[in-house]
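S.K.: The structure's right below; bear with me while I get my questions together.
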Amino acid sequence: MKMNSQPLSTIIPNRKRGQQDVLQLATEPLDRIRIGFVGLGYRGQSAVKRWSHIDGVEIVALCDANIDFVNQCAVVIGKENVILFSGQDGYARLCALSSLDIVYICTDWQSHTKIALCAMEHGKHVAIEVPAALSLTDIWQLIDKAEQTRRHCMMLENSVYDYFETAIRQLYHRGIFGNVVHVEGGYTHFMTDQWTTWRIEYNRTHCGDVYPTHGLGPLCQLLDIHRTDRFDYLVAMQSDAYTGGAVYQRLMDKPCEEFSNGDETTMLIRTLCGKTITLSHNVMNPRPYSRGYKVVGTQGYASKYPHPQVVLAEGSLQQLQLPLEFANQVLSNDVMEPLLQVHYPTYFGEQQALAHKLDPRGGMSFYMDYRLAYCLHRGLPLDMDVYDMAEWCCVSELSALSISHGAMPVSVPDFTRGAAQV
Ligand SMILES: NC(=O)c1ccc[n+]([C@@H]2O[C@H](COP(=O)([O-])OP(=O)(O)OC[C@H]3O[C@@H](n4cnc5c(N)ncnc54)[C@H](O)[C@@H]3O)[C@@H](O)[C@H]2O)c1
């Protein structure tokens, strides 16, 4: 069904003459991946540990604004000849190193784009923690820079490498769920003592879904967004900000007159192929952790939280050679688990011991790094490209736009600017 009124729209900057898209970008294979890290806080330190266990990798440089974190990290990995940088601008010197192939960015949200742009300007690939970019301006700058320099610009969205999501995607691509008509995701995480000051400050000043990619990434990969389908438009609403002000006051030890980000934000996205996506964000209220992964298809259903469930219609059971008596009911764990296991990629089995040792949340961050290294070594296109980053991040600003216009529909730009034939 088509809309009768026009959604709000945003500017799509023209692609400069001579600049080409980077769909399926393949770059020179790297025998040894020379990597530098910027941002060595909670997330950066664990990334450095993970990469120090991947074959064919040389950790060349470490950088953090805080020199103590740099020194601590250098001691932990115990490698000699690692070049160390510190201070707010140390990243620029790291990016300028000629002995470096990729810059891995784990800083706070607002510094991601400037560091990534600097790295690509110096001919480096970039991998950026989530959310890689917060605004459409940042997103378009990253796309333009990746297209101009022909460098990879990947967002480090680890949730697409979690077990359930990976297996369900494989099953879907075998046709087991029929046509997927609706998916749901989100990020509900009662953050309590995990708040950083920069994060609460950003929430104070911005409405909209400011942390959308953990929920949205796996859904977009399932739906093949910008491969066989594309976002069309979205609408969003938020509850009042009942809790943020008190959290801010406790963390920052100063009064909070106004807090922009509502406790609960809900978004609905419609795709060009007529599918719907709901996405929610709540980091304020006491409730169980969830990324809300839910898939509704014409021949089956899957959901992950609070515990994994799969329902299949008769035709799908037949295709999988499973007894038809299970049709249209929740599969028992005895039936579901082996089904999921045979749909994990082979590298999960091969890398499992290391992945679980280095990543206490089930290994997904290790699998993400492992795949990035695998593709760089062989010169293959990466699992997530700059347009995935753009699509998964843009909903932050676009949801804020919808909220501020009373839940008006907002068009989602085609970030490939017509290059993806959807
Ligand atoms: N994928 C996940 O599961 C996951 C989990 C937690 C955090 N994250 C993401 O990781 C990123 C970092 O989060 P964190 O919790 O590690 O934050 P953090 O505050 O612990 O670490 C950020 C670090 O960046 C450094 N930094 C800031 N500006 C810098 C600059 N200009 N140059 C060099 N260093 C600079 C800070 O000194 C700090 O050490 C964020 O994008 C966050 O959303 C992802």
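S.K.: Got a sec? Which of Val60, Val38, Val22 is out of contact with any helix residue (DSSP H, G or I) (no Cβ under 8 Å at 6 or more places or on another chain) and either among the aromatic types (Phe, Trp, Tyr) or open to solvent by less than 40 Å² (accessible area, probe 1.4 Å) (or both)?
M.R.: From the options Val60, Val38, Val22, the qualifying one is Val60.
S.K.: Picking from His152, His226, His173, which residue would you name as being modelled with pLDDT of 95 or more and in contact with an Asp or Glu (Cβ under 7 Å, 6 or more places away or on another chain)?
M.R.: His226
S.K.: If you take the residues of the stretch 117-135 that are outside any strand (DSSP E or B) and within 16 Å of the chain's Cα centre (by Cα), which of them is nearest to Ala373 (Cα to Cα)?
M.R.: Ranking the candidates gives Glu129 first.
S.K.: So in the stretch 22-66, with the set limited to residues that are assigned to a strand (DSSP E or B) and among the charged types (D, E, K, R), which one is nearest to the ligand (Cβ to nearest atom)?
M.R.: Only one residue tops the list, namely Asp64.
S.K.: Say we look at the stretch 180-191 and pick out the residues that are in contact with a strand residue (DSSP E or B) (Cβ under 9 Å, 6 or more places away or on another chain) and over 21 Å from Leu234 (Cα atoms); which of these is nearest to the ligand (Cβ to nearest atom)?
M.R.: It comes out as His189.
S.K.: Further question: Which residues, taken from the stretch 367-399, are crowded, with 22+ Cβ neighbours inside 10 Å and aliphatic (A, V, I, L, M)?
M.R.: If the condition is that a residue be crowded, with 22+ Cβ neighbours inside 10 Å and aliphatic (A, V, I, L, M), then Met368, Leu372, Leu376, Met384, Val386, Met389, Ala390, Val395, Leu398 are the ones that fit.
S.K.: Next question. When both residues are 6+ apart or on different chains and their Cβ atoms are under 7 Å apart, which pairs have a first residue that lies in the stretch 67-90 and is under 15 Å from Cys106 (Cβ atoms) and at pLDDT below 95, and a second that is more than 14 Å from the ligand (Cβ to nearest atom) and assigned to a loop (DSSP other than H, G, I, E, B)?
M.R.: Final answer for the pair search is Ile77/Ser52.
S.K.: Quick one: would you say Tyr242 is assigned to a strand (DSSP E or B) and among the hydroxyl-bearing types (Ser, Thr, Tyr)?
M.R.: So Tyr242 does not fit the description; no.
S.K.: Looking at Pro360, Pro338, Pro286, which one is surrounded by fewer than 19 Cβ atoms within 10 Å (Cβ to Cβ), outside any strand (DSSP E or B) and within 23 Å of the chain's Cα centre (by Cα)?
M.R.: Pro360
S.K.: Which condition does Ser239 not pass, out of (1) more than 16 Å from the ligand (Cβ to nearest atom); (2) of a type in the set (Gly, Ala, Ser); (3) in contact with a Phe, Trp or Tyr (Cβ under 9 Å, 6 or more places away or on another chain), if it passes all the others?
M.R.: (3)
S.K.: Restricting attention to the stretch 294-314, does a residue exist that is open to solvent by 10 Å² or more (accessible area, probe 1.4 Å), within 14 Å of Phe177 (Cα to Cα), acidic (Asp, Glu) and not in a loop (DSSP other than H, G, I, E, B)?
M.R.: Within the stretch 294-314, one or more residues are open to solvent by 10 Å² or more (accessible area, probe 1.4 Å), within 14 Å of Phe177 (Cα to Cα), acidic (Asp, Glu) and not in a loop (DSSP other than H, G, I, E, B).
S.K.: Against the conditions (1) at pLDDT 95 or above; (2) within 22 Å of the chain's Cα centre (by Cα), where does Ala313 fall short? Just the number, please.
M.R.: For Ala313, the failing item is (2).
S.K.: Looking only at the stretch 130-156, filter to residues that are over 18 Å from Ser396 (Cβ atoms) and among the polar types (S, T, N, Q); which one of those is surrounded by the fewest Cβ atoms within 10 Å (Cβ to Cβ)?
M.R.: Only one residue tops the list, namely Gln148.
S.K.: Quick one: would you say Asp209 is of a type in the set (Asp, Glu) and in contact with a His (Cβ under 8 Å, 6 or more places away or on another chain)?
M.R.: Yes.
S.K.: Additional query: Can you pull out every residue in the stretch 223-236 that is open to solvent by 10 Å² or more (accessible area, probe 1.4 Å) and assigned to a strand (DSSP E or B)?
M.R.: Asp232, Tyr233, Val235
S.K.: Would you confirm, using the coordinates I've provided, whether Tyr347 is crowded, with 19+ Cβ neighbours inside 10 Å and assigned to a helix (DSSP H, G or I)?
M.R.: Spelling it out, it is not the case that Tyr347 is crowded, with 19+ Cβ neighbours inside 10 Å and assigned to a helix (DSSP H, G or I).
The values are calculated or read from the model by the stated rules, or taken from the named source; none is laboratory data. Computed from a predicted model, the values in this text were never measured in an experiment. Methodologically, a virtual Cβ is constructed for each residue, glycine included, from the backbone with ideal geometry; neighbour enumeration extends over all protein chains shown. With ligands, DNA and RNA removed, areas are computed over all heavy atoms of the protein, side chains included. Shrake-Rupley method; radii C 1.70, N 1.55, O 1.52, S 1.80 Å.
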